[in-house]
1. Sum -39500 (n - 2.57) across every DSSP H segment of at least 4 residues in the chain, then divide by the residue count to get the 222 nm mean residue ellipticity, nearest 500.
2. Suppose R0 equals 25 Å. What FRET efficiency, 1/(1 + (r/R0)^6) with r the Cβ-Cβ distance, do THR471 and ASP350 give to the nearest 0.05?
3. For CYS47, what is the net charge nearby, where nearby means another residue's Cβ is under 10 Å from its Cβ and Lys, Arg count +1, Asp, Glu -1?
4. Two decimals is fine: what is log10 I(q)/I(0) at q = 0.10, 0.12, 0.13, 0.16 Å⁻¹ for region 228-381, from a Debye sum with one equal scatterer on every Cα and no solvent?
5. For region 9-24, in order, what is each residue's ³J(HN,Hα) by Karplus, 6.51 cos²θ - 1.76 cosθ + 1.60 with θ = phi - 60°, in whole Hz (x at glycine and Pro)?
6. Under 24 Å Cα-Cα from LYS302, which lysines qualify once same-chain neighbours fewer than 8 residues away are excluded?
7. For region 424-490, which trypsin sites (Lys or Arg not before Pro) pass both filters: DSSP loop (anything but H, G, I, E, B) and at most 16 other C-beta atoms within 10 Å?
8. Summing +1 for each Lys or Arg and -1 for each Asp or Glu, what net charge is found among the other residues whose Cβ lies under 11 Å from the Cβ of ARG341?
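Rule-based calculations on the coordinates, nothing more; no lab input. This structure is a prediction, so every number in the text was calculated from the model and none was measured. Virtual Cβ from ideal backbone geometry, glycine too; neighbours counted across all protein chains shown.
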Amino acid sequence: MKTYHIWTIGCQMNVADSAHLAAALEALGYRPAAGPADADVVVLNTCVVRQSAEERVVGRLTSLRPLKARRPQMVLAVMGCLVGVRPAEDLPQRFPQVDVFLPPSDPEPLLALLRQREEEARGKKQEARGKGQEARGKGQEAGGNEHGAAPVLQITSPEAAVIGLIASERDLLSIPRFIPPVTAYVPVIYGCNHVCAYCIVPYRRGRERSRPVAEIVAEVQALVEQGVREVTLLGQIVDRYGYDWRHETRNTEHETEGSGPDLADLLRAVHEIRGLWRIRFLTSHPNYFSDRILEAVAELPKVCEHIEVPVQAGDDEVLRRMRRGYTVADYRALVQKIRRRLPGCSIATDVIVGFPGETEAQFRATYDLLAELRLDMVHVAAYSPRPGTLAARKMVNDVPDEEKQRRRQAVEALQERIVGEINSRLVGQTVEVLVEEQHKGKWRGRTRTNKLVFFQDDADWRGRLAAVRITWAGPWSMQGEVRSGDSHLT
Ligand code: SAM
Ligand code: SF4
Ligand code: F3S
């Protein structure tokens, strides 16, 4: 049996890309391996958003060198943001152990290589059997179609056949694994046009490309048919969904006119899918979170009350140099608007500390803003200069590392206290939990507001909605006891 192993770091987009690739490999007859040592195909799906992420990738690649030397027939592939949409020419020299490099969201180079190797292997076998011998059952064996572009399907098991139903269209290949997950990520807009001063993502993931509504709906439909109950629609700026059609390439200007679907329309279309219970979307940018989107979230019962909208800094001067395109007052007003229209909505944000030139007072402004807004989740990162970005080219990385770490830890401590307080108010309340899996003997799932809940029960709760009374709450998770279940929407 042919096997694969995918190692993924980075954001949800990478998780989605890995799932897509896994589905494509499974459609080719590969099965998950226990680890890289047992796999015929090893893929590293990479992130370079900070230097530390890139160092982990390079470390992993280095540690795979002896394995590749021992098993040269193993295919080693590198995918994602280390490669980028315009791969650097020196990649093969830097990583000679790698057989194939795949841009983000594009499994095709690996699939083509595997198909080519299979053809070569088949050719050799046939040669050995002697020329002129009729190739027996070639059609069924390869299962390829006449269009050439689609992956060769080897229908070797009922599970693979299920995947095969949608595998003829490359963009619909999104369902890996033989126990389909309860939740899934669905990219709806690729790339980013924003070019924030610190960020390498636009250079590695390219310009914005929205997927057509019908294609997304078909993919979600297929996921639901296989047991998925919650989808998270993904984009670097998900609330810019459809802008590329409506405004050609007008960059960061905030315009709402033009025709064509936006995220609100997409949410409404996905909401129609029977059997889907929950819809989330991320990441939003404050400039594009329109009233239409807010109304759709408020009106559509399946769309969860959880918004991820990064602020990055709480000081106008820093925001300006980051090229974020909004002020602290704009962000505060957006949070207030969301809370007015969606009481109880949880809000998550991202913050960078130690951006070039960030003074103690400017950091303090970020800290004070977070203390004032009391958001439900803050992902905080120490600024890391990334090659090619405006900040790396034009600004001095002048906040010392220890100071960056002190600022990061201060924000983390503040947030731990705030979230602990927010969550403790849920003790005694009953919340709806979509149960995803069992973990160390406990069922684990999330509330509509994206809070992690654990409970113990003998029944099989996987993929079901449970009403759970919260008995204990900490900043990162809560525990409770199940009251009843399956109060789901259809
Ligand atoms: N598109 C999202 C947005 O507009 O905020 C974020 C996408 S980025 C992949 C995820 C997070 O990484 C960012 O929100 C930012 O906080 C962090 N990040 C990006 N570049 C960084 C850098 N050079 N140093 C530290 N953190 C960075
Ligand atoms: Fe990076 Fe800014 Fe684009 Fe987010 S919006 S991916 S932070 S450039
Ligand atoms: Fe990393 Fe690329 Fe995502 S750099 S955070 S994997 S977009």
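1. The per-residue figure over the chain is -11000 deg cm²/dmol.
2. Once rounded, the FRET efficiency stands at 0.20.
3. +2
4. Computed log10 I(q)/I(0) values: -0.38, -0.54, -0.63, -0.92.
5. 10, x, 8, 4, 4, 5, 4, 5, 4, 5, 4, 4, 5, 4, 4, 5
6. Of all the lysines, those that pass the test against LYS302 - Cα under 24 Å, at least 8 places apart if same chain - are LYS337, LYS451.
7. ARG425, LYS440, ARG462
8. Residues close to ARG341 contribute a combined charge of -1.
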